[in-house]
Amino acid sequence: MKKTEIILTEGYPFIFVTGILFIISIIFRFDTIWQIGYFSLFAFMIYFFLNPERIPEEKGDDVIISPSDGEIIEITECKEPFFTEKNMIKISIRLGLIDNHIQRSPIEGNLKAQKYLHGEFLALSSEKASELNEQNRTLFENEKISVVTNQIAGFITRRIVNFTNEGKIELGQRYGMIMFGSQVDIYIPKETTIKVIVGQKLKAGETLIGLLK
């Protein structure tokens with residue numbers, strides 16, 4: 001299922017509740033500070049669940065784009081532990097509250113497998129968070145590339161949403177979302193020419209991460 005709505009339907013309950021609180025604050029003439037607070041919360045919920053269109057910087061079966069908005073906090077070589085068990089390059093992307101939290105397919109090809117872990121909700125600053133927190137691991141493949149992503153929930157987050165099942169997937173197609181603060185790790189082949197650096201801000205479905213040599 002492709003998610004094309006301007007505001008994600010998953011956000012409707014949050015938008016409705018905060019909107020009602022704002023209306024109540026107006027009807028019952030709450031103090032101005034409360035009215036501003038409820039309106040700000042209502043506006044934030046609309047912003048948070050926006051579903052923008054993104055155009056990849058490059059296209060092709062050797063192209064890897066960012067699966068997530070956010071800032072790169074680490075680039076390292078390690079063993080990919082979930083599907084391939086190969087030595088790969090791991091890029092960790094930390095999302096802030098104002099980042100769009102929709103994840104998008106990093107390659108053109110197939111979504112081959114997913115593994116969900118109902119874990120804990122440690123702060124992402126904890127060394128154990130990437131191992132113990134709620135996670136959703138996804139394997140993407142085409143004829144040239146195998147790429148793995150891992151959506152990791154944070155302390156505030158209480159839900160990872162899945163948008164699509166196994167099967168063909170387009171470059172940049174939305175496949176899931178983590179709510180309210182999180183991290184996404186992407187594992188890419190060692191043979192990739194990396195086009196990003198630590199500290200760089202990324203846009204999901206848009207920023208070129210690397211090209212397969």
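The values are calculated or read from the model by the stated rules, or taken from the named source; none is laboratory data. Computed from a predicted structure; not experimentally measured. Counting neighbours? That spans all protein chains shown, and the Cβs are built from the backbone with ideal geometry, glycine included.
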All conditions in (1) at pLDDT below 95; (2) closer than 21 Å to C78 by Cα; (3) crowded, with 20+ Cβ neighbours inside 10 Å are true of V184 except (1)
Please indicate, with yes or no, whether at least one residue in region 167-179 is touching a residue at least 60 places away in the same chain (Cβ under 8 Å), out of contact with any Asp or Glu (no Cβ under 7 Å at 6 or more places or on another chain) and of a type in the set (S, T, Y). yes
Which numbered condition trips up E74, out of (1) touching a residue at least 60 places away in the same chain (Cβ under 8 Å); (2) in a loop (DSSP other than H, G, I, E, B)? (2)
Checking C78 against (1) surrounded by 15 or more Cβ atoms within 10 Å (Cβ to Cβ); (2) assigned by TED's automatic domain parsing to the domain that holds I152: exactly one of these is not met. Which one? (1)
Please note which strands (runs of 3 or more DSSP E) are completely contained in region 159-213 and include at least 3 residues that are more than 22 Å from I7 (Cα to Cα). 182-189, 192-194, 208-212
I'd like the full set of residues that are assigned to a strand (DSSP E or B) and on the phi > 0 side of the Ramachandran plot, limited to region 77-115. G109
Test P106 against the criterion of being under 30 Å from K190 (Cβ atoms) and not assigned by TED's automatic domain parsing to the domain that holds A153, and give yes or no. no
For I23, only one of the following conditions fails: (1) part of a loop (DSSP other than H, G, I, E, B); (2) outside the structural domain of P106 (by TED's automatic domain parsing). What is its number? (1)
Based on what the data block shows, is F163 within 15 Å of A204 (Cβ to Cβ) and modelled with pLDDT under 95? yes
